[in-house]
Amino acid sequence: MIKLVGQRLLAMVPLLLIVSILTFSFTALLPSDPVDLIIGDRGSNEQHEQVRERLGLNDPFVTRYLDWLGRAVQGDLGTSFFNSVRVTDAVLLRMPATLSLTFASVLISVVVGLGAGVAAALRPRSWIDRLATFGATIGQAIPNFWFGLILASVFAVTLRWFPATGYVPLGENPLGWLLSITLPALALGLSTSAALARQVRSAMVGVLQQDYIRAARAQGLSSRRVIFRHALKNALVPVVTVLSFQITVLLGGALIVEQVYAINGIGSLAIAAVRQQDIPMIQGIVLILVLVVMGVQLATDIVYGLINPKARPA
Amino acid sequence: MSAPTLSPTTATGTAATTRRRPRWRASTLAVVIPSALVLLTLLICALFAEALSPYDPLQQSLMDALQGPSAKHWLGTDDLGRDVLSRMIHGSRIAVIAAAEATGLAVLIGVPIGLFIGYRGGWWDWITMRAVEAIVSIPGIMVAIVIIAILGSGLHKAMFALGILYSTAFLRLARSVVLTEREEVYVKSARVIGASPRRILIRHIFLNIAPPLIVQVTLTVGAVLLAEAGLSFVGIGVQPPQASWGTMLNTAAAYMELNAFLAVPPGLAIVVTVLAVNLLGDVLRDSIGRGVRLPAATPPRPRSAAIARKGTAPLPAREDDALRVDGLEVMVSPKGGDPVPVVTDMSFRIAKGETLGLVGESGSGKTVTGLALMGLIGAGGRITAGQVTLDGTDLLQLPPSGLEKARGTDIAMVFQDPTTSLNPAYTVGSQISEVLRIKQGLSRRAAWDRTVELIDRVGIPRPAERARAYPHELSGGMAQRIAIARALSCGPKLLIADEPTTALDVTVQQEILDLFRDLQDEMGMAMLFVTHDLAVAADICDRIAVMYCGEVVETAPVEQLFRDPRHPYTAGLLSAMPHGASGTPPLPVIPGAVPTPGHWPTGCRFAPRCAHAAPGCALPVDLTPGQTTTNAERLTRCIRATDLTLEAAQ
Ligand code: SF4
C-alpha cells in the first residue's frame, strides 16, 4: 500500500508542473498590463518602471516562472494585486466553506447513491429502480444552482427550517454549520446521487451474475452476507473510479452553488478575482484547487487499492 | 478502392451493409416527439423573438415590478417591471447562440488538433495529452473562469471559454478514432497492393468519426446550456440587461423572498431544454449503436408441446442411497417468453461413496440439473416437478432457510472455472474460514487453523502462506484445489462437481481427478460428477448417466456402458471419443446438431439424428430397464434398446 501511495505521489509531480506552467503562462496572454491594473493610468512612466521592476515583469518568462514556482513550492503564491492580502492566506481562509460543502454533498451522493443503487440492483424494475433511472436523467438536466434556489425558497424562505444564506464555521457552532450547509449540499449531492445509483446498480447487477456469487450461495451463505460482503465490495471497484471524477465535478458545482446561499467560499473569491483580473489570486486558486483534486484522487486510489487486491503493486 | 480494405469491424463498414432502418418503437417515439417539439419551439422562439414577445424585453416599468402571473403579464414581471415571458423568449435566442457558438468552437478546436496529434504521434501527442489531462483534472467551471479572466465576460467571450473547455472532449475523441483506424488500415493495407495507406486512412477517419461525433455534440450542447446558465448566474457570463435564462435566475435569487415564482420559468426552460437534448442524444446513440452491432438473430420460439406423460417409474430404493432424484423437471422463462423445459423426467440416485457421472453435450441440461439440486437455478428458472431426497429429507420441500442451511453443510458444489468461482476481493483462506465460522460456528482462530489444515489436505505446499494469497495470485489448478477445500470444509454428504477439470491445463486435470478420488475415499461422500468428457467420466465414475435434451437416455455402470451401450446416442458418443492412446481426433459421427430447449421433438428427442429411428419413435419414450439384462442398474430410453446391435467403445 505504501508503494502504491508512493507511485501515485510521484505521478502527480509532472501533472502539477504542467498545471503550474499553464496557469502561470496565462499572465502572458492577458490583454491588459497588470501594472495599469495596480496603479491605474495616473502613474508616471517612472512609477510604472518601478512597479514592473518590483514585480519582476522585466525578466524573461522562464526566469519569472521559475521564481514564482520556487516561491510556490514554499507555500508563497504571491500577493493580490488589489489589496496586500497574501494569496495563500486568502485561499486557505475560504477553503473550509467550499470543502465542507463539497464533502457534505459527496457524502449525500454516496449514501443515497449506494443505497438506491443496491436496492435497484436487487429489485430490477421496482419503483426504486425506476426512480433512480428517472432521477439520473433529470439530475443531468437540472442546473444544481437552480435546484438550490428552489430548495432555498421552499425550506428556507417559506418553511424557515434552514437559514437561507451564510456559512457558519464548524469550529464556531457545529449545529449551525450543519444547518448552513444542509440545503446547498442537498442541491449538489442529490442530483449526482441518482447518477451514482445507476453506476452502482449496473456494477452490482454485473457482479451478482458472477460465478463467485453463485459459489458463495452454494456454500450456504445467507443472501445478506452474499450481497453485502461478497458482491458489494467487488461492485464498488468501478464505482470508486467514477466517484473520484464526480468529486471534481461537485467541487466545481460548489463554486456556483455557494453563490445561491451567499457562502463566502472559493467561488466568490474566484469570481471577484476574475472581475478585477487579479492574476496572482486566480493562479493561486487554480493551483490549490488542483492540489485538492489530486488529494481526492490519491484518496480514491488508496480506497481502490484496498478493495481491489489486483490493483496493488506486487 | 478494393473491398478487403474496408474493415468489417468499423462502425460504418457494417452499418453500410447491414443497417436496416431501425423500427421506431412506441417508447422511443414517446421520447423523440416531445423532445423534438421542445427544441422546435426553442428554435422558433429564437428566430422570431421580436414577433413573438408581447413586450420589449428591456422595457422597464417600475410601477409593475415583481408581479405574479396575470392576464397582462402571463409569467409576471421582474424587479424592474420587465415582462418575464418576453425575456424568456429572448433568452431562448441566447441559449441557441450559446449552444451553437461553444459547441461549434469546441468541434473546430478539438477535432483538428485531435486528428493531428493522433496522426503525428510522438512528442506532439505526448505534450498535448498531458496538457489535456491537466485541464481535465481541474473542475470544468474553474477552467472556464480562468479563461474568462483572460478574455473578459460577456456572452461571446464566455462561450469562447466554454468552447475551449469542451474542445478537450472532441480532441480525445478524434485522436482515438485516428489511433484505432490507423491500426486497422496499416494492418489491412499491407495486403493490398497499390493503395496508399494515407489516403485510405483519411477516408476511414471521415467515415468513422461521424457517429461518435454526433453523440458528443449532443452531450456538449446539454453541458453548454447548463454552464452558460451557471456562468451568467454568477455574473461572469451574459451581462445584464441582456436577457438570458441564467441572468434571469440571478435576478430571481436576489428577489427570492419577494417573488419566488421568478425562479420557476427560466429554471424550467433550462431543465426542459437540456432534457430534450440529452434524451434525443440517447436515442441517437442507441440507434447508432444498433446500426453498428449486428442484431443477434433470435429465431421465433415455437410454443413447445406440452409434455404430458406419466414419466419414468420410480427407481427401486437401495439402502445405501445418499441421494435420490425422481422425476425432476426444470423450466426456464427466457426474457419475455413462455417457460421452456430444460430438464424433464430426471431420475437417478447415488449411493454413499459412489460417483455418478452426468455426461452430455453442452445444452443437454446437466449443469442445470446440478444447480437445481442446490436450489440455485437463479431467477427465471423454476423446478416444476420432482423430488430430491438427500439422506431422507426432500430438499425441494425445505423452506429457503432450510435449504440455505443444507447448502455447504450437506451438499456442496465445485464449479468449472476456479478463477471465477473464488471471490477476487478476498484471500482464499478467508473464503474458507468464513464458511467454517458461519456454517460450523467455529471461532476465528479455530476456523483459520482448520482452513490451513484443509489447504494442506488438498495438496497445496506452504498452506499457511497460501491461505493469505488472493485468487489471482494462484494458478488454475491451485485455485481449484482451494475451491475443493472450501466445498468439503463442512464434510458434505453430497458433492456436485460441475466440469471441475475442464478449465484446467491438461497436465493438472489428472492430479485434480486423483484428488477427488482420494478425498472421496477418505470422507465417503456421494459425488455427482458433471462432465462432457466421457474419458474423464470413465476415469473417476462408478456409474454414468448419459443426458440428451434435458433427459437421461441411458444409465449404467461405467464398464457396462463402454462395453455394451444400449442407446444409439451413447454409442455415437463412444465412437466419437479419441481412440485409445493414438489420440486420433474424433470424427463427427452423429449427424446434425443438438436441438435447443424449446425445439425438442415430441417423441424420442434423439429421433431426428438417429440412424435407427422407427415409426414408434415418434411417441415419448420412458427410461426403462432393458430386457436383455436383469440388472436394475441399467436403464435405457429407447424403444429399440433390446433389438439393436451397437458398436461398443474400442
Ligand atoms: S427411440 Fe428410436 S429414435 Fe430414439 S434412440 Fe431409440 S431408435 Fe433412435
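The values are calculated or read from the model by the stated rules, or taken from the named source; none is laboratory data. Quantities reported herein were computed from a predicted structural model and do not represent experimental measurements. Cβ: placed from backbone, ideal geometry, glycine included. Neighbour counts: every protein chain shown. Areas reflect the complete protein model, heavy atoms only, side chains present, ligands, DNA and RNA absent. Shrake-Rupley method; radii C 1.70, N 1.55, O 1.52, S 1.80 Å.
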Computed label-point distance, nm, for sites B:Gln60 and A:Leu291 using a 7 Å Cα→Cβ extension: 4.5 nm
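Between A:Ile138 and B:Glu559, what is the FRET efficiency for a Förster distance of 60 Å, r being their Cβ-Cβ separation, to the nearest 0.05?
0.30
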Sites B:Leu398 and B:Leu29, calculated FRET efficiency, Cβ-Cβ separation with R0 60 Å, nearest 0.05: 0.75
Rounded accessible area per residue of chain B, 1.4 Å, Å²: 45 Å²
Label point distance in nm, A:Lys3-B:Ser287, each placed 7 Å from Cα along Cα→Cβ: 5.3 nm
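So how much slack lies between B:Arg120 and B:Ile202, counting 0.36 nm per residue of separation and subtracting their Cα-Cα distance, in nm?
Stretched fully, the B:Arg120-B:Ile202 segment lengthens by 28.2 nm.
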Partner chain coverage, peptide B:416-428 - average Cβ within 10 angstrom: 5
Loop chymotrypsin sites (Phe, Trp or Tyr not before Pro), region A:114-191, which have at most 16 other Cβ atoms in a 10 Å radius of their Cβ (DSSP): A:Trp161
Euclidean distance between Cα centres, region B:318-388 to region B:41-103, Å: 70 Å
Antiparallel bridge percentage (DSSP; both residues within the protein assembly as shown; nearest 5): 60 percent
Non-local Lys pairs in the protein assembly as shown, i.e. 8 or more apart or on different chains, that have alpha carbons under 18 Å apart: 6
Distance from region B:433-471 to region B:473-531 (C-alpha centre basis), Å: 16 Å
Crossing angle, helix B:264-292 versus chain B [Cα axis fit, 0-90 degrees, rounded to tens]: 40 degrees
Cut-off of 10 Å, at most 11 other beta carbons, DSSP loop: longest stretch of chain A lacking such trypsin sites (Lys or Arg not before Pro): A:161-314
Estimated translational D of region A:164-253 in µm²/s (Stokes, Kirkwood radius over Cα pairs; 37 °C; 0.692 mPa s): 209 µm²/s
Ratio Rg/Rh, restricted to region B:436-547 and using Cα atoms, in which Rh is the Kirkwood radius: 0.98
Cα gyration tensor category, rounded, prolate or oblate, for region A:88-311 with a/c compared to 1.5: prolate
Spread of Cα-to-Cα distances over 20 Å intervals beginning at zero, given as percent, for the protein assembly as shown: 11, 32, 31, 19, 6, 1, 0
Rounded, prolate or oblate (a/c below 1.5 giving rounded, otherwise prolate when a/b exceeds b/c) for chain B by Cα gyration tensor: prolate
Three principal axis lengths of region B:224-278 [C-alpha, angstrom, descending]: 34, 23, 14
Kirkwood-Stokes translational diffusion coefficient of region A:66-157, alpha-carbon pairs, 25 °C, 0.890 mPa s, µm²/s: 142 µm²/s
Per-residue SASA entry for B:Glu551, accessible area with 1.4 Å probe, Å² rounded to 10: 10 Å²
Contour excess over end-to-end distance, with Cα ends at A:Val303 and A:Asn45 and 0.36 nm allotted per residue: 87.1 nm
Gain upon complete extension [A:Arg160, A:Asn264; 0.36 nm per residue less C-alpha separation]: 35.3 nm
Within chain B, percent of DSSP bridges classed antiparallel, to nearest 5: 60 percent
FRET efficiency, 1/(1 + (r/R0)^6) with R0 22 Å, evaluated for B:Ser475 and B:Glu361 via beta carbons: 0.20
Pairwise centroid distance, computed over Cα atoms, of region A:226-301 with region B:588-614, Å: 64 Å
Most positive-pole-ward Cα, B:Gly118, B:Asn278, B:Tyr166, against dipole of the protein assembly as shown from beta carbon charges: B:Asn278
Three semi-axes of the equivalent ellipsoid, region B:423-491, Cα gyration tensor, whole Å, largest first: 18, 12, 11
Estimated distance in nm for a label pair at B:Leu37 and B:Lys72, the labels positioned 7 Å out from Cα along Cα-to-Cβ: 3.2 nm
Cα coordinate range in region A:212-314, projected on the principal axes (Å, largest first): 67, 36, 14
Cβ-isolated cysteines (cut-off 4.7 Å), chain B: B:Cys45, B:Cys490, B:Cys541, B:Cys549, B:Cys610, B:Cys638
